[in-house]
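FYI, it's all coordinate maths here, none of it is from the lab. Being a predicted model, the structure only gives us computed values, none of them experimental. Here the Cβ positions follow ideal geometry from the backbone for every residue, glycine too, while neighbour counts run over all protein chains shown.
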Amino acid sequence: MLELALKGTKKYWGLLAVLGGIAGVAFLVYLYQLQFGLGITGLSRDVSWGFYIAQFTFLVGVAAGGVMVVLPYYLHDYKAFGRITIMGEFLAVAALVMCLLFIMVDLGQPMRMLNVIFYPTPNSMLFYDMIVLNGYLFLNIVVGWNVLEAERNGTHYQPWLKPLIYLSIPWAVSIHTVTAYLYCGLPGRGFWLTAILAPRFLASAFAAGPALLILLCLIVRRFTRFDPGREQIQSLAKIVTYAIIANVFFFLCEVFVAGYSQIPEHTDHLKYLFFGLHGKGVLVPWMWTSMGLMFGAIILLVVPATRRHEGVLAVSCAMVFVGAWIDKGLGLISGGFVPNPLHEVNEYLPTGPEVTIALGVWAVGFLVLTILYKIAVSVKEDNAGVLRTRVIKG
Amino acid sequence: MERSRREFLKIAGASAAIGLGAGQVMEAVAAATNHQAAPEAQVAHQPEALKATRWGMVVDTRKIESAEQIEKMVEACHKEHNVPMLEEERHRIKWIWETHFHNAFPSQATDRVSEHLEHILLPVMCNHCENPPCVRACPTKATFKRESDGIVMMDFHRCIGCRFCMAACPYGSRSFNFRDPKPFIPEINKAYPTRMKGVVEKCNFCVERLAVGKLPACVEVSDGILTFGDLNDPESEVSKLLKENYAIRRKTNLGTGPSVYYIV
């Protein structure tokens, strides 16, 4: 099937060239980081994780979000999603590629990465994160590829895939749960030390992932001869609606617990993010923007007229995606580290090289996504044609 | 089967001898044998090594008079351990440093601290916790608690630089080498290794000095502010101090069990 990725329009190759170019530039900057060290980033001894790990966290969510098309189709036999499960699976693959790259660029000694396998340490959550992320990547490649190939050949997929498909559903939940456990089990970080962190992660994942999927469906429909379908998009929109409401609800639960108990270790981080602390608050406008986007999106998604209008829906989905990205990709990590354990406020802002490297990883992810979607869409487009040829040959 | 294997070994041995030269083979064998006598085993045999079942430190804040006293400790420690002097604030490496009471004890500080405590700076460092969250978080066992004496140690050569331990430490006691530290070390102490960029480091209770019978560098220059000893030995100086005085530890509510006590 790979050959399908090699035949494309000028636009397709142009997109690949642009993404490849961004990735290439970012790779050069990464070589500089490799040579100098992580000092080229805005990280410090107080905010020791930043933009890279935040992108990683957000993208684990996008990867897990793909399950929202797989689950209804395979568990509830919701046939409409059969048309787009492959898009969910391939989106998960691309997102996981980015996750793994973000972890790699964040390591101080990436050449020693395999030490995690040479000295397996089951008491470290990172050990499990490695297992679930790689496992989920493997599952989505195997399932997505084989089901698509069966579709291309006009046959039913092999029976041995079925258990893997079922396994991939709880596995999707596990990747974001374990990622939340990286943070919420740390004793001194009040902002993360909350049992609702994993559910909150999942809610934002099931909002941001399907929201991106809707946007991708609209793009695919616009630029190819394959239409993912109006019903499919509308069903996804309902999933996004419930999930973003759950996400905001969970967040408000956090705000209540911190705000009403008024325990400084918990309130200080929220205060820093939304109002600033000790006169410092670079993230304040971002956090309010995020809240505005999420609340605005809820209104547009709940009202049936605006949800059914695909133009407005696209805007709502972009709002959900950006809102969730700010929340997780900017606020969550910095917010947990500021104030620091000694209650000093040392802020963090990513540097230019850091943002460039992050952009490069996103470019690689979208490069993978473009190629995979090209293959999937070509199969879907050609299906009718192939069948016709077979009939003539027969 | 057995015979052919023996033959293979003979041939392999012969070709190795030809290829490397017998002398080199002997050297390699000797090196391998030496290697087996691991450094730790040698340390254990040092007759003058200081030993304990749980090392601990008591900081007598009543004896602190000036910031210079703490700076002396910092200087001694950082000189001993080749800690670089970095310009950029956010890249700084700190094994031991000075801070205010309300920073060292953010949840215990009240609005009415004794005048003495309010005006002095306290030394803070790794607490060598009984139940260290950093050790729990490390995915490669690069940081570990030495069971024999409770010191939380680092293997700089195994650390992958994921900085999970830094997020896990509730005391901010860990530093990361954001760049190559070597050019910023004023005077290299050959008795202790330098680090490379991309790894985490922190106070090690001067394991390398304890192994040769010396007290930690900071304790030696502390004018009696710091006392170091075995917390499990009721006759030790630290135990006596803690029996006679009220002492607090940092963030005990987190269940980490710090081994550094502050007499207030």
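Across every pair of different alpha-carbon atoms, what Kirkwood hydrodynamic radius in Å does the stretch A:1-79 reach? Taking the inverse mean of 1/r over all distinct Cα pairs, the stretch A:1-79 comes out at 16.8 Å. This ranking places A:VAL47, B:VAL74 by how few other beta-carbon atoms lie within 10 Å of each, fewest first, which gives B:VAL74, A:VAL47.
If the Kirkwood radius is taken over C-alpha pairs of chain A, then at 4 °C and 1.567 mPa s the Stokes-Einstein diffusion coefficient equals 59 µm²/s. Each other residue within a Cβ distance under 12 Å of A:GLY335 adds +1 if Lys or Arg and -1 if Asp or Glu, for a net charge of -1. Residue order for B:TRP97, A:TRP171, fewest other beta carbons within 10 angstrom first, comes to A:TRP171, B:TRP97. Pairwise Cα distances in the stretch A:266-347 exceed 14 Å in 63 percent of cases. Springs between Cα atoms under 10 Å define the GNM used for chain A, and in it the highest mean-square fluctuation of A:PHE337, A:PHE251, A:PHE118 occurs at A:PHE118. Starting from a Cα-only point model with no solvent, please compute log10 I(q)/I(0) by Debye for the stretch B:55-263 at q = 0.12, 0.15 1/Å. Those come out to -0.61, -0.98, one per q.
Positive contributions from Lys and Arg (+1) and negative ones from Asp and Glu (-1), summed over other residues with Cβ under 13 Å from the Cβ of A:GLY82, come out at -1. Rounded to whole numbers, the Karplus 3J(HN,Hα) couplings from phi for the stretch A:131-148 are 5, 5, 5, 5, x, 5, 4, 4, 4, 5, 5, 5, 5, x, 4, 5, 5, 5 Hz, using 6.51 cos²θ - 1.76 cosθ + 1.60 with θ = phi - 60°, and x at Gly and Pro. Could you please state, rounded to a whole Å, how far the C-alpha centre of the stretch A:311-375 is from the C-alpha centre of the stretch A:204-221? Each part's Cα centre sits 16 Å from the other's. Going by the alpha-carbon gyration tensor, a ≥ b ≥ c the square roots of its eigenvalues, is the stretch A:62-182 rounded (a/c under 1.5) or, if a/c is not under 1.5, prolate (a/b greater than b/c) versus oblate? Prolate.
Here the Karplus curve 6.51 cos²θ - 1.76 cosθ + 1.60, taken at θ = phi - 60°, turns the phi angles of the stretch B:168-181 into couplings of 7, 6, x, 10, x, 8, 10, 10, 10, 7, 6, 8, 4, x Hz, with x standing for Gly and Pro.
For the stretch B:42-141, the set of GluC sites (Glu not before Pro) satisfying both a DSSP loop assignment and a count of at most 15 other C-beta atoms within 10 Å is given as B:GLU48, B:GLU65, B:GLU87, B:GLU88.
Sites listed here are trypsin sites (Lys or Arg not before Pro) in the stretch A:208-311 whose DSSP assignment is loop and whose Cβ has at most 15 other Cβ atoms within 10 Å: A:ARG225. What the pair-distance distribution of the stretch B:101-223 shows, using all Cα-Cα distances binned every 10 Å from zero, is 11, 35, 35, 16, 2 percent. In the stretch A:8-376, a dipole from Cβ-located charges (positive for Lys and Arg, negative for Asp and Glu) runs towards its positive end, and of A:LEU218, A:CYS184, A:LEU283 it is A:LEU218 whose Cα lies farthest in that direction. Here the dipole of the stretch A:172-318 is about 380 debye; that uses its Cα centre as origin and unit charges on the Cβ of Lys and Arg (positive) and Asp and Glu (negative). The fraction of all Cα pairs in the protein assembly as shown landing in successive 20 Å bins from 0 to the largest distance is 17, 43, 28, 11, 1, given as whole percents.
In this simple spin-label model, placing a label point 7 Å from the Cα along the Cα-to-Cβ direction at both A:LEU100 and B:GLU65 gives a separation of 6.3 nm. Counting only alpha carbon atoms, the long axis of helix A:284-302 and the longest principal axis of chain A meet at about 40°.
Under the simplified labelling scheme, the A:ILE117-A:LEU31 pair shows an inter-label distance of 2.6 nm, with each label point 7 Å from Cα along Cα→Cβ.
Helix A:230-261 versus the longest principal axis of chain A: what is the Cα-based angle in degrees, 0 to 90, to the nearest 10? Relative to chain A, helix A:230-261 is tipped by roughly 10 degrees. Using 1/(1 + (r/R0)^6) with R0 = 60 angstrom and r between the beta carbons of B:ALA191 and A:MET1, what's the FRET efficiency to the nearest 0.05? Efficiency computed from Cβ-Cβ geometry: 0.45. Per residue of A:332-339, other chain Cβ atoms within 10 Å of the residue Cβ number 1 on average. On a 0 to 90° scale, report how tilted helix A:264-274 is relative to the longest principal axis of chain A, with both axes built from alpha carbons and the result rounded to the nearest 10. Computed tilt is about 60 degrees. Here the Karplus relation 6.51 cos²θ - 1.76 cosθ + 1.60, evaluated at θ = phi - 60°, turns the backbone of the stretch A:348-359 into coupling constants of 10, 9, x, 8, x, x, 5, 5, 4, 4, 4, 4 Hz, with x for every Gly and Pro. Annotation: average projected area of the stretch A:244-394 is 13.9 square nanometres, based on the convex hull of Cα atoms across all directions.
DSSP beta bridges confined to the protein assembly as shown are antiparallel in about 80 percent of cases.
Going from the fewest other Cβ atoms within 10 Å to the most, the residues B:THR194, B:THR140, A:THR177 appear in the order B:THR194, A:THR177, B:THR140.
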